[in-house]
Amino acid sequence: MSQPQPSQTRREFLKTTAAGTTAALFGAPAIHAGTKTDSRIVLGSGDYQYEVNHDWAKLPSQFTWQTTHNVAVDKDGFVYVIHEGRANQKDHPSIFVFDPKGNYVRSFGKQFQGGGHGLEVRQEGNEQFLYVTGYQHLKTFAKLDLKGETVWQNYAPMESKAYAKGEATQPKKVWGRNRFMPTNFAFHTDGGFYLADGYGAYQIHRYDKNGKWLSAFGGQGKEDGKFNLPHGLWIDDREGREPSVVVADRANGRLQWFTLEGKHLKTMTDFILPANVDAYQELLLVPDLASRITLLDADNKVVAHLGQDPDWAKAMKTAKPRMRETPQKWQAGRFVHPHDACFDQDGNIFVAEWVATGRITKLKRLS
């Protein structure tokens, strides 16, 4: 592996002045309609209002969305989207790049078809890079430049003693707690990174800035410090606190915080299926696979649930065929399965949903 340079996380170049802290809980979207040409849907209230654009990303006709998974934004406002892709379409790209207005720029990443999953942008010195995970039969993670060229690619950390023989050298589509199914990244302040094995060993692996495996924490369980599908993670370095690792413990319906060395600090419950985490100013953003986006304030109090109400939650559970497969049943201002979400430098939110046709929504910050 090459040696990453001292780095700056996307979180650091998103820091600006502090935002307001008025709390507002709400459910159904507010619909502001003048004429058919200027009608709009706004989610939220008070300091947390966002205008919804479900059709933000414009994909050229020669490509098809194939179950969108993750989304990331670089420092220039370009948006990167990865989808799982279809393994039998080996020449179709899995990663698409859009300009700040949603126009297609380029695509690449056919090597992740059939298993594309996690995606993050990281600033390292004067350059930016993409960190990508692949699960299913791929069982890999990689560093790419923003044009899609591979810097390095790696496989299961066998030195962790967590994996079956051959998992790093002969990856196959085999699931289990002794298998490697990486999902997402977080970036250590010293230049290293954390890698969540969300569908495999349920561990968080820590690597140094040279890409050397250092340690792991977690494993399967319901008690504090253990996981049931640790799908996403982030470095919580919001102002006024020591940096910590926050993990979206999805099937346990909670967030857990850890020291940078992996010692459990605290647990927050009352989520449904939290899938990942991001931060902007004092806010923590949690996309929940159960059709909503949650915002937490500086004290980790819920200030917004975006896009869900009881009627929609019921419709999601009872839909046959499944709602993710029937876009004609989707309703504007409501989410189906938010799999990932992130802020841009202006506090807008981009949401990638785990739906058969793919969907990237922009929530434009109004307040």
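The values are calculated or read from the model by the stated rules, or taken from the named source; none is laboratory data. Just so it is clear, the structure is predicted and the values come from calculations on it, not from any experiment. With ideal geometry, Cβ positions are generated from the backbone for all residues, glycine too; neighbour counts draw on all protein chains shown. Just the protein is used for accessible areas: all its heavy atoms, side chains included, with ligands, DNA and RNA removed. Shrake-Rupley method; radii C 1.70, N 1.55, O 1.52, S 1.80 Å.
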Handout entry: the range 58-166: GluC sites (Glu not before Pro) in DSSP coil with no more than 12 other Cβ atoms inside 10 Å
Key = GLU149
Handout entry: VAL302-LYS320 pseudo-label distance in nm [points 7 Å out on the Cα-to-Cβ vector]
Key = 3.0
Exercise for the section: Starting at the first residue of the range 350-361, write each ³J(HN,Hα) from the Karplus equation 6.51 cos²θ - 1.76 cosθ + 1.60 with θ = phi - 60°, in whole Hz, x for Gly and Pro. Expected result: 10, 10, 9, 10, 7, 9, 4, 8, x, 7, 10, 10
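What does the convex hull of the Cα atoms come to per residue for the chain, in Å³?
On the way: hull volume 49.9 nm³, N = 367.
Given the Cα convex hull of the chain, per-residue volume reads 136 Å³.
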Problem - Separation between Cα centres of the range 340-362 and the range 83-137, rounded to whole Å - result: 14
Completion exercise
Any residue on another chain or 5+ positions along whose placed amide H is under 5 Å from the amide H of ASN70 is listed here as ILE82
Problem - Accessible area of the range 42-365 belonging to carbon and sulfur atoms, whole % at 1.4 Å probe - result: 47
Practice task
Taking amide H positions as placed in the peptide plane 1.01 Å from N, state which residues far from HIS339 in sequence (5 or more) or on other chains have amide H under 5 Å from it.
Solution key: ALA352, GLU353, TRP354
Handout entry: Rounded FRET efficiency, nearest 0.05, which uses the C-beta distance separating LYS212 from LEU260 and R0 of 22 Å
Key = 0.85
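At 1.4 Å probe radius, can you tell me the per residue accessible area of the chain in Å²?
That works out to 41 Å² per residue.
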Completion exercise
Along principal axes, largest first, the alpha-carbon spread of the range 46-100 in whole Å comes out as 47, 22, 19
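Tell me, what is the FRET efficiency for THR267 and SER160 to the nearest 0.05, using R0 = 22 angstrom and their Cβ-Cβ distance as r? The partial results should precede the final answer.
Details: r = 24 Å, r/R0 = 1.09.
The formula returns an efficiency of 0.35 here.
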Practice task
Could you work out the local net charge near LYS173, counting Lys and Arg as +1, Asp and Glu as -1, over the other residues with Cβ closer than 11 Å to its Cβ?
Solution key: +3
Exercise for the section: Set the Förster distance to 30 Å, then compute FRET efficiency between GLN328 and ASN88 from the Cβ-Cβ distance, nearest 0.05. Expected result: 0.70
Problem - the range 273-320 versus the range 148-184: alpha-carbon centroid distance in Å - result: 30
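Please identify every one of the GluC sites (Glu not before Pro) in the range 232-317 that sits in a loop by DSSP and has no more than 11 other beta carbons within 10 Å of its own beta carbon. Spell out each step's value before the answer.
Values: sites: GLU239, GLU261, GLU282; in loops: GLU239, GLU261, GLU282.
Sites meeting the loop and neighbour criteria: GLU239, GLU261.
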